[in-house]
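The values are calculated or read from the model by the stated rules, or taken from the named source; none is laboratory data. This is a predicted model, so every value here is computed, not measured. Here the Cβ positions follow ideal geometry from the backbone for every residue, glycine too, while neighbour counts run over all protein chains shown.
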Amino acid sequence: AAGNACAAAGQRGEPFAAATAALLAALMGLLVLATVLGNALVILAFVVDRSLRTQGNFFFLNLAVADLLVGGFCIPLYIPYVLTGKWRLGRGLCKLWLVVDYLVCTASVFNIVLISFDRFISVTKAVSYRAQKGMTRNAILKMIIVWIAAFLLYGPAILSWEHIAQKSILPEGECHAEFFYNWYFLMIASTLEFFTPFITVTYFNLSIYLNIRKRTSLRNENLSPGQEDCEMSFQGGKREHTIFFVKPANRHKHEKRGSSLSPPKKASRLSLCKLDNQSNLNVNQDLPPLQVEVETKPHRNGICKTTESICNGTSRADIANTMANRFRLSRDKRVAKSLAIIVCVFGLCWAPYTLLMIIRAACHGHCVQYSLYETSFWLLWVNSAINPVLYPLCHMSFRKAFIKLLCPGKAKIHP
């Protein structure tokens, strides 16, 4: 947490020159604005767009709440402290600021672990994950546990350390935790706050990668030439002429959904995603047998006729299952890439500060330059501003929701 990074006694130096202070204040103000607006947009998207309210996305909401508190409370109170070199808001507000700062930054880390675990289960245990997908109560319980664990890691120590030690090492005009120079406590806390979470999310990422690699290898080994040719012909056409319908057997009231299987048009890609999400086809056969209908339209260059002749040796149900598996594999690859980006950004923002904090505590602040240490913990706050940018870049559902909010004329929001 950035509160960890409050400078030690005698390290702050003189206040900045007027020009430097103005530049720093402007940059810090921009960081506050970006953090607050970005995370508020994520929260607003959940409020107005019902399609975002899935179990996995609730964890992103939890992360956004923590990051919003960083931008709306922690940074604004720290700006005058870093510019003037003195804490002028009193001991009581200092304690509150430290508790909230440690709490929300630690909660951000634990939320990233929770998001990684959720993605890990969705890829490696897809059937059981889909069975619990609508159970938001479990998601809310996990979110509450994250906040409780985050508070217990630092909160009691911040509030009671000086009472247990029967003295305070905090000089007048400064604001940092009483355990700021206790190397043993910081080592244990850092292990729980950074090293263990980072190793855990790395394990989840590696497991997801190996799972996808194994499934890709099995798919390539088990796919017959007829199926491969048929899939390629569906996806390789220059125009959409083969229409593919899939519906569960014995469900007459189920709405028939058609998907164009050629990729050139944007709408085609959206239809394919809809087929995967709503039809729930999967390799484990957890749904009833499928009925498949294939319709073709004539075309001048005979692409449709060629497609039919290639697919004659492959059952249409096999084609449906193969295509659904391909869509799911493609989706899981996107999940793995998005998770890897979020975790890498987390590691880059947190590792410098954590290492410098431990080194600084060991030598009582004499072996780490103050400016380097100050820069390292600002990276923690930068991470809170970056996270809302990563959501739309990595997740199509967030991208659509943000477009709906920022450009309401383009699409309707599902309340």
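List of remarks:
- Candidate set from segment 363-386 (those that are in contact with a Leu (Cβ under 7 Å, 6 or more places away or on another chain) and either of a type outside the set (A, V, I, L, M) or under 17 Å from Phe198 (Cα atoms) (or both)); member that is surrounded by the most Cβ atoms within 10 Å (Cβ to Cβ): Trp381
- Any hit, segment 187-203, residues being at pLDDT below 85 and either polar (S, T, N, Q) or over 31 Å from the mean Cα position of the chain (by Cα) (or both): no
- Selected residue [at pLDDT 95 or above, assigned to a helix (DSSP H, G or I) and either buried (at least 16 other Cβ atoms within 10 Å of the Cβ) or outside the structural domain of Tyr391 (by TED's automatic domain parsing) (or both)] from Leu98, Leu114, Leu83: Leu98
- Just so you know, in segment 341-362 the residues that are crowded, with 18+ Cβ neighbours inside 10 Å and at pLDDT below 85 include one that is nearest to the chain's Cα centre (by Cα), and it is Ile342.
- Hits in segment 125-177 (condition: among the acidic types (Asp, Glu) and loosely packed, with under 14 Cβ neighbours inside 10 Å): Glu172
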